[in-house]
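Visitor: Okay, handing you the structure first.
The values are calculated or read from the model by the stated rules, or taken from the named source; none is laboratory data. A quick note: this is a predicted structure, and the numbers were derived from the prediction, not measured. Every residue, glycine among them, receives a Cβ derived from its backbone with ideal geometry; neighbour counts consider all protein chains shown. Only protein heavy atoms, including side chains, enter the accessible area calculation; ligands, DNA and RNA are left aside. Shrake-Rupley method; radii C 1.70, N 1.55, O 1.52, S 1.80 Å.
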Amino acid sequence: MKNAIDALHRIGMAAQTTNNKGEVVLCIHGWLDNSNSFTPMLDKASDSYQWVSIDLKGHGKSQWRSADAHYYFVDYVYDLLNILDVLELERCHLVGHSMGAMICGLFSSLYPQRVKSLTMIEGFGLVCTPEQEVKQQILQAFEQRQASDKFKKRLYANFATLVNARSKAGGLNQKDAALLMQRNSQQVEGGFYLTIDPRLKTASAMRFSLAHAKAVLEEVVTPSLLIVSEKGYDFVKDNCGQFMDGFKQIRVEEVSGGHHCHMDNPQECISLIEQHLNRNTLT
């Protein structure tokens, strides 16, 4: 989209765009990733759509939340609403991976009139806390907020060290880990710093209970595609049993690869997504 980067900069968000014609597809990445996670897939995309890959707040090149703020899941959903508004999009397609998929799923439930189609990659439903564990969840979050030293920036001696750490933490190959770290790091004297906000690693002080999550994801009428991977997270498949009934027009496809299957297996993922987009454009 023309001027999309400048428009998003006004609300403290960074993005990458591909192509300037066709309907708009917003891509929302997962926790501790960034918009580069969609690069392998979009390198294989057709030029029929305008792809806008977002860096969520606290990730990549986007701004961190203010010093007195924290990273609540629902605020990312509100950020997505602001993105559509600042880009002057009445409706668009949404593609999300992992946490980004859950953001897009909840947004589609809240604002079905703004979403033409929904694609969720290795993310479905919501992360829930049992009601009897809510008190402990809050205590853990507050304890971590007070232990601020734990979340100070760490200096990595070189880029390779940083890539190795990301590869081991996320089950990524070296190439994909390096691609993510190119946008999540900054070179300084003596090494490299992560540019992601350290507060992202603190526990959330509040999550939905399962009952609340099911209620808010009832009657999702947006045409939806869920892509799961053979070696993906069990959490995603478990959530299918909990939340599938709430999605009234959904197709599920399994692909090879791990949790980052859109990076492991970009051709199969983009083919499924474009089939989904084209089907809903024609109907």
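Visitor: Can you pull the one-decimal nm distance between simple spin-label points at residue 81 and residue 113, each 7 Å off the Cα toward Cβ?
Guide: Here the modelled spin labels are 1.3 nm apart.
Visitor: Within the chain, which complete DSSP H helices have Cα atoms spanning at least 30 Å along the helix axis and a mean Kyte-Doolittle hydropathy of 1.0 or higher? Show your work: numbers first, answer last.
Guide: Numbers: long enough: none.
Membrane-span-like by this rule: not one helix.
Visitor: Kindly provide the trypsin sites (Lys or Arg not before Pro) of region 1-52 that DSSP labels as loop, not H, G, I, E or B, and whose Cβ sees at most 10 other Cβ atoms within 10 Å. Before the final figure, lay out the partial values.
Guide: Working: sites: 2, 10, 21, 44; in loops: 2, 10, 21, 44.
Those satisfying the criteria are 2, 10, 21.
Visitor: How much accessible area does residue 31 have with a 1.4 Å probe, in Å² rounded to the nearest 10?
Guide: About 120 Å², rounded to the nearest 10.
Visitor: To continue, here is another question. Once the cut-off is 26 Å, how many percent of the Cα-Cα pairs in the chain end up in the long-distance tail? Mind showing how you got there, number by number?
Guide: Values: 16825 of 39903 pairs.
Percent of Cα pairs beyond 26 Å in the chain: 42.
Visitor: What spacing in nm lies between the two simple spin-label points modelled at residue 165 and residue 23, each 7 Å away from Cα in the Cβ direction?
Guide: If labels sit at residue 165 and residue 23, their model points lie 4.2 nm apart.
Visitor: Still on this structure, I have one more. How many Lys pairs in region 9-143 lie less than 25 angstrom apart by Cα atoms, where the lysines are 8 or more positions apart or on different chains? Let's see the in-between values first.
Guide: Details: 21/44; 21/61; 21/116; 44/61; 44/116; 57/116.
Count of close lysine pairs: 6.
Visitor: Might you work out the accessible area of residue 143 for me, using a 1.4 Å probe with all protein chains in place, and round it to the nearest 10 Å²?
Guide: Surface accessible to solvent at residue 143 totals approximately 130 Å².
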